[in-house]
Amino acid sequence: MQKPLDLAIDWLADASLTPEQRQVWNQMRGELVDSRTKIVDLSKQLKLLQNQSAAEQAHSILTRPEFNREVARMLAFDERYGGTSSVLYFDFENLDDVTAKHGRSVTNATLHEISNIMMKYVRGSDVVGRLAPDEFGVLLVRCDNDAAWKKGKQLSGTLYEKLQEVHGCKLQLEISYGAYTFRDDKDVGKGIKEAAQMVTKASVTG
């Protein structure tokens, strides 16, 4: 097995050096080996972090502009290759009451749980976005209107059930949801606006 020092070529192996000079040279060679080792370790750590970041981005909650871009991209895909995609909108209407009663930390924890639940209970091909402080959207890829409403009812029920209590605080969330299915004759802006208006058509409350 090679010693660490053996990994650095001794370019001065045949040079006439004093014992002191040889000692300094060997010290420099050792520092070179240490530096190379650190570079390799840092490269591995950087690659790992990049992979983790990519994985997190692939399963992250999008902002409203990011969500709208994904909707536009999917509609263009549907138009070109055929298919139907829908959007679910969820409005958590009384989060301000939660803040007033329990504090901002509980509200933030609730929003975090909402995000986690939504990501867990949709398909990997679907896209979740936070569209406003109390509003979320889900792009359901290859999903017609009937299936979208069924998914909205199922997911809203799951959210209500799992958010009964957060950080030891009893919540009585009012969750409104709606579904909209894009048609070929609707542009993205108009379609998303109509999707938002559909939120009032159904609700889950305490």
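Please treat every number below as a calculation from the coordinates, not as lab data. Treat the numbers as computed from the prediction; the structure is a model and nothing was measured. In this analysis, Cβ positions are derived from the backbone assuming ideal geometry, glycine residues included, and neighbour counts consider all displayed protein chains.
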As an exercise, use a Förster radius of 25 Å and the Cβ-Cβ distance of GLU79 and ALA132 to find the FRET efficiency, rounded to the nearest 0.05. 0.35
Sort ASP146, ASP91 by Cβ crowding within 10 Å, fewest neighbours at the top. ASP146, ASP91
Hey, rough spin-label estimate for ARG64 and LYS162, points 7 angstrom out along Cα→Cβ, what's it come to in nanometres? 2.5 nm
Order of 131-137, 16-22 by packing, highest average Cβ count within 10 Å first? 131-137, 16-22
Label-to-label distance, nm, for residues given as TYR121 and GLU93 (7 Å Cα→Cβ offset): 1.9 nm
Read phi for every residue in segment 135-149 and hand back ³J(HN,Hα) as whole Hz from Karplus 6.51 cos²θ - 1.76 cosθ + 1.60, θ = phi - 60°, with x for Gly and Pro. 9, 10, x, 10, 8, 9, 6, 6, 9, 7, 5, 4, 5, 5, 5
If I stretch the segment between ARG36 and ASP144 completely, what's the gain in nm (0.36 nm per residue apart, minus their alpha carbon distance), one decimal? 33.2 nm
Sort out for me the Cα centre separation of segment 70-90 from segment 121-178, rounded to whole Å. 19 Å
